[in-house]
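**Student:** My structure is below; once you've seen it, I'll send some questions.
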Amino acid sequence: MKIDGHTHTHYCPHGSGDNVELMIQKAIELDFDEYHITEHSPIPSSFKSRLQPMEVIDTLAMNEREVDGYVKEMIALKGKYKDRITVKVGFELDYLPMDTEWTKHFLHEYGKYCDTGLLSVHFLEGLDGWRCIDYQAEDTLDGLVNYYGRVEDFQLAYYEIVKQSILVDLGQYKPKRIGHMTLCNKFKQFLQCEETKVIKENQIDILHLIKQEQYELDVNTAGLFKPYCGETYPPIDVIEYARQLRIPLVYGSDSHGVKDIGRGYEMVNLV
Ligand SMILES: [Zn+2]
Ligand SMILES: [Zn+2]
């Protein structure tokens, strides 16, 4: 079965603005059987006040007032396209270590309408506050890598939060698929990240936690198309290890526009 398990919509302020319906139609053209709409969940104001640089704040996700509209609109599309493709609806939920109460409330309110979802880490504590790890290469270098000291320490800090995200209790509606588990590699070539022994061990530890909790893994091809990355999240050797552990693997294009749908599908051999 051909599934795209990770896509965004016109509700995403850093996306292309393409209407989700055009994206669904493209997925139908490409013979996908299942299409998961997983828009970024809103960022609570408590977290925004901790975030640097300020210019990113309004680009991250829809605001809280838009969520009802998003859910209604996407559920309507599920019905409209049901004879041509199975549409599932949920969120790419951020793990925000200091806002787990807000997150539980969010899931309590909206989890019942969802039949898919991802749990992702996009933020780490850094210079002057919390920072996006995937915003701009220079910003990640100044605000995170230099803050932690070495690039390996930055990567390890990221993996630590990913591990926490797997184990944290967010209630019954917590998403069960871990999004782009090596997003810290997005600027890999710019930052000169190396996959050292300790980094590999951490990646393997994460897979064992995913297995232990009976979660799934997002096999995310977006990194293949990023100029400083050139690999999947996680890299192919980690995907192969996950396969040996029999962790369910779900392809994700992480599309933010029509042109991204299905990208790199043939690279990950999930059929
Ligand atoms: Zn996004
Ligand atoms: Zn993401």
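**Student:** Given the options Gly143, Gly111, Gly117, name the one that is within 16 Å of ligand 1 (Cβ to nearest atom), among the small types (Gly, Ala, Ser) and either in a helix (DSSP H, G or I) or surrounded by 21 or more Cβ atoms within 10 Å (Cβ to Cβ) (or both).
**Tutor:** Among Gly143, Gly111, Gly117, only Gly117 is within 16 Å of ligand 1 (Cβ to nearest atom), among the small types (Gly, Ala, Ser) and either in a helix (DSSP H, G or I) or surrounded by 21 or more Cβ atoms within 10 Å (Cβ to Cβ) (or both).
**Student:** While we're on this one: Give just the number: which of (1) closer than 18 Å to Glu201 by Cβ; (2) touching a strand residue (DSSP E or B) at 6+ places or on another chain (Cβ under 7 Å) does Arg150 not satisfy?
**Tutor:** Failing condition for Arg150: (2).
**Student:** Identify, by number, the condition in (1) in a helix (DSSP H, G or I); (2) of a type outside the set (Ser, Thr, Tyr); (3) away from ligand 2 (no atom under 16 Å from the Cβ) that Glu125 doesn't meet.
**Tutor:** The failed condition is (1).
**Student:** Just give me the residues in region 16-33 being surrounded by 20 or more Cβ atoms within 10 Å (Cβ to Cβ), touching a residue at least 60 places away in the same chain (Cβ under 8 Å) and within 16 Å of ligand 1 (Cβ to nearest atom), in sequence order.
**Tutor:** Once the filter is applied, which keeps residues that are surrounded by 20 or more Cβ atoms within 10 Å (Cβ to Cβ), touching a residue at least 60 places away in the same chain (Cβ under 8 Å) and within 16 Å of ligand 1 (Cβ to nearest atom), region 16-33 yields Asp18, Met23.
**Student:** If a residue has to be part of a helix (DSSP H, G or I) and either buried (at least 18 other Cβ atoms within 10 Å of the Cβ) or within 16 Å of ligand 2 (Cβ to nearest atom) (or both) to count, how many in region 34-72 make the cut?
**Tutor:** Residues in region 34-72 being part of a helix (DSSP H, G or I) and either buried (at least 18 other Cβ atoms within 10 Å of the Cβ) or within 16 Å of ligand 2 (Cβ to nearest atom) (or both): 6 in total.
For (1) more than 20 Å from Ala61 (Cβ to Cβ); (2) within 16 Å of ligand 1 (Cβ to nearest atom); (3) without any contact (Cβ under 8 Å) to a residue 12 or more places away in the chain, each residue gets a yes or a no:
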| residue | (1), (2), (3) |
| --- | --- |
| Leu124 | no, no, no |
| Gln155 | yes, no, no |
| Glu201 | yes, no, yes |
| Asp218 | no, yes, no |
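**Student:** On the basis of being within 16 Å of ligand 2 (Cβ to nearest atom) and of a type in the set (S, T, N, Q), does Thr232 make the cut?
**Tutor:** So Thr232 passes the test.
**Student:** Additional query: Find the residue count for region 1-15, including only residues that are away from ligand 1 (no atom under 11 Å from the Cβ) and either over 17 Å from Gly262 (Cβ atoms) or in contact with an Asp or Glu (Cβ under 7 Å, 6 or more places away or on another chain) (or both).
**Tutor:** Within region 1-15, residues that are away from ligand 1 (no atom under 11 Å from the Cβ) and either over 17 Å from Gly262 (Cβ atoms) or in contact with an Asp or Glu (Cβ under 7 Å, 6 or more places away or on another chain) (or both) number 5.
**Student:** Identify the single condition in (1) out of contact with any strand residue (DSSP E or B) (no Cβ under 8 Å at 6 or more places or on another chain); (2) over 16 Å from Asp94 (Cβ atoms) that Asp139 does not satisfy, given that it satisfies every other one.
**Tutor:** Looking at each condition in turn, Asp139 falls short on (1).
Quick note: the coordinates plus some simple rules give every number you see, no bench work behind them. Note that this is a predicted model, so its numbers are computed, not measured. Methodologically, a virtual Cβ is constructed for each residue, glycine included, from the backbone with ideal geometry; neighbour enumeration extends over all protein chains shown.
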